[in-house]
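Only the coordinates and a few stated rules stand behind these numbers; no lab work does. Computed from a prediction, not measured in an experiment: that's the story for all the values here. Methodologically, a virtual Cβ is constructed for each residue, glycine included, from the backbone with ideal geometry; neighbour enumeration extends over all protein chains shown.
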Amino acid sequence: MAGTPRSFLLFLLLVSQPRDTSPAITHCSPKVVKGILGESVVLPLDSKEMFKNIRWSAPSPRQDEASGRTVPLAVVTPGAPGALPRLDVEDERYRGRLRLYGQTYSLEISNLTMADEGKYEVVQTLIAYNQYICDYPLYIYKRLSEPEIRILSVMAGNGTCNVTFTCSAGVGNETIKYIWTRPAGAPVFSTEVSLLVQHRLGDEDSPVTCTAMNPVSRSSASASPKVACEGPALPQTPALSYCRAKGILVLGVLGALLAGILTVHVLAAREQRRP
């Protein structure tokens with residue numbers, strides 16, 4: 001019985017300890033998002049739980065890449081029963097460019113600029129005060145236009161010609177990959193910016209195609225080694241068709257017959273006038 005008071009005191013001590021009321025925080029793995037300059041991008045958030053608010057943050061205007069600082073961007077609060085949620089934009093850089101996407105609480109940013117690139121963050125506070133936090137590194141790229149192919153041809157003797165093709169689809173430090181192929185889906189035979197092709201004069205044409213790719217788009221252009229070495233083919237005079245030749249022959253025969261008939265009539269008239 002002597003141990004009973006001690007056990008009772010330990011029980012009282014345990015139940016009297018203050019409970020931990022701090023919110024439980026769940027972090028997601030960063031979700032990398034790729035956007036196209038001048039177009040729209042969606043930061044995905046498919047929330048099915050009741051929440052108090054959703055706070056979005058944007059890259060700081062003077063963001064230090066090492067620190068990745070963010071500033072308040074927008075706040076989403078639930079609407080009244082049957083009403084849409086409310087989106088309040090706090091960062092004036094994004095006024096008129098933000099909206100909730102579809103039936104989710106994902107955030108859509110339109111008219112992207114290079115200044116929009118950086119780390120975004122969402123903090124979703126649930127009814128139970130638990131929090132869900134996720135980072136969205138956003139990378140922005142330009143949509144590629146048709147590549148430009150520069151050509152340098154050099155005669156190598158023995159009826160051969162060396163042609164160097166150089167493909168270019170962007171400026172600056174853009175992430176662009178180049179692939180050279182032959183026609184009709186032939187396998188890749190170079191992934192360099194430049195391609196050296198040897199062409200023998202008189203051989204059939206075998207164009208090459210440069211495809212430029214970045215993480216958001218791709219574009220292609222083709223060039224001809226034969227044209228680079230021998231020049232463009234001269235336009236051929238179209239051959240006279242059978243029907244056209246037959247028509248010309250018939251017209252010629254009719255013309256000759258008409259001329260003969262007229263000659264006979266003229267001679268007959270002269271004979272009649274003679275005394």
Which cross-chain or sequence-distant (5 or more) residues have an amide H under 5 Å from the amide H of K52, H modelled 1.01 Å from N in plane? T125, L126, I127
Report the full-extension gain for the segment E108 to E204: residue separation times 0.36 nm, less the Cα-Cα distance, to one decimal in nm. 29.3 nm
Is there a pair in K48/K142; K48/K177; K48/K119; K52/K142 whose C-alpha atoms are over 31 Å apart, and which pairs would that be? K48/K142; K48/K177; K52/K142
Formal net charge of residues neighbouring C167 (Cβ-Cβ distance under 11 Å; K, R +1; D, E -1): -1
In the neighbourhood of P232 defined by beta carbon distances under 14 Å, the net charge of the other residues (Lys, Arg +1; Asp, Glu -1) is -1
With θ set to phi - 60° and the Karplus curve 6.51 cos²θ - 1.76 cosθ + 1.60, what are the ³J(HN,Hα) couplings of segment 37-47 in order, to the nearest whole Hz, using x for Gly and Pro? 3, x, 10, 10, 9, 10, 8, x, 8, 9, 9
Just to check I understand the Karplus step: with θ = phi - 60° and J = 6.51 cos²θ - 1.76 cosθ + 1.60, what whole-Hz values come out for segment 114-126, glycine and proline as x? 5, 5, 7, 5, x, 9, 9, 9, 10, 10, 9, 9, 7
Residues with amide H under 5 Å of L73's amide H, sequence separation 5 or more or different chain, H placed in the peptide plane at 1.01 Å from N; which? W56, S57, A58
Along Cα→Cβ, 7 Å out, is where each label goes; now give me the distance between the ones at E49 and R182 in nm to one decimal. 5.9 nm
Local charge sum around S153 (other residues, Cβ-Cβ under 15 Å, Lys/Arg +1, Asp/Glu -1)? 0
Given points 7 Å out from each Cα along the Cα-Cβ axis, report the V123 to E192 separation in nanometres with one decimal. 5.3 nm
Could you tell me the convex hull volume per residue, in Å³, taken over the Cα atoms of segment 148-230? 92 Å³
For K142, which sequence-distant residues (separation of 5 or more, or a different chain) have an amide H within less than 5 Å of its own amide H, given hydrogens modelled in the peptide plane? L37
Given a Förster distance of 22 angstrom, what is the FRET efficiency for A24 paired with V75, based on the Cβ-Cβ distance and rounded to 0.05? 0.55
